[in-house]
C-alpha cells in the first residue's frame, strides 16, 4: 500500500469520528477533524504525483473520500438548519450526474478525469464547510445574512458552475450515446 493511499484511507477513517463529534455537539473537534482530513486530500495527491505512486485505487478512492467527507458535513448542516436542503440536493445531484457521465464515457472507452473545475469545486466546498464549522457560522452580516448562508451560496454556485462545465465539455459524448 502506498503512502498516498494510506492518507486517503485515513481520510475515510476520520469520517466516522467527525460524525460522532457532530452528533455529540463537539463542533471545534469536528472542525479540527474536517480540517485534518482536508489536508490529507491535498497531501495525498501531491505525494502520489511527486513519488510516482498514482494508482487506480487512488484515482477511484480519493474523490470518493472527498465526497463522503463533504456529504457527512452537509447532512449535519441540514439537520441543524445551517444549510438549505436545496443546496445539499444540488451538490448530490451534481455528483450523481457527473458520475453517470463518467460511466457513459467509460462504456464508450473514454476516461473523464477530474479537471480544474472539479478541483476548484472541491476546494471551495471544503473551505465553505470549514467556515460553517467555525464558531462564527451564525455571525450576522446584516439583513439576516449569516456566514453559513454565504458559504452555502458559494457551495451552490461553484457546484452548479462545475457541473455545467463538465456537461458542456462532454456534450458531444452525451449526444453520441443517447
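The values are calculated or read from the model by the stated rules, or taken from the named source; none is laboratory data. The structure presented is a predicted model; accordingly, all values stated were derived computationally and were not measured. Heads up, the Cβs are rebuilt from the backbone with ideal geometry, glycines too, and the neighbour counts pull from every protein chain shown.
Residues that are assigned to a helix (DSSP H, G or I), in contact (Cβ under 8 Å) with a residue 24 or more places away in the chain and surrounded by fewer than 16 Cβ atoms within 10 Å (Cβ to Cβ) within the range 48-58 comprise just one, 57.
If you check 37, 84 for being over 25 Å from residue 164 (Cβ atoms) and surrounded by 15 or more Cβ atoms within 10 Å (Cβ to Cβ), only one passes: 37. For the range 64-79, the candidate set comprises residues that are within 22 Å of residue 98 (Cβ to Cβ) and crowded, with 19+ Cβ neighbours inside 10 Å; within that set, the residue that is farthest from the chain's Cα centre (by Cα) is 77.
Residue 30 falls short of the stated requirement of being part of a helix (DSSP H, G or I), over 11 Å from residue 73 (Cα atoms), touching a residue at least 24 places away in the same chain (Cβ under 8 Å) and touching a helix residue (DSSP H, G or I) at 6+ places or on another chain (Cβ under 7 Å). Does residue 124 satisfy the criteria of being under 18 Å from the mean Cα position of the chain (by Cα), modelled with pLDDT of 95 or more and crowded, with 20+ Cβ neighbours inside 10 Å? In short, no.
Which helices (runs of 4 or more DSSP H) does the range 65-178 wholly contain that include 1 or more residues that are in contact (Cβ under 8 Å) with a residue 12 or more places away in the chain and under 23 Å from residue 37 (Cα atoms)?
On the way: elements: 85-107, 116-133, 147-169, 171-176.
By residue number, 85-107, 116-133, 147-169.
Among the residues of the range 94-111, is there at least one that is more than 29 Å from residue 168 (Cα to Cα), in contact with a helix residue (DSSP H, G or I) (Cβ under 6 Å, 6 or more places away or on another chain) and crowded, with 16+ Cβ neighbours inside 10 Å? Within the range 94-111, not a single residue is more than 29 Å from residue 168 (Cα to Cα), in contact with a helix residue (DSSP H, G or I) (Cβ under 6 Å, 6 or more places away or on another chain) and crowded, with 16+ Cβ neighbours inside 10 Å.
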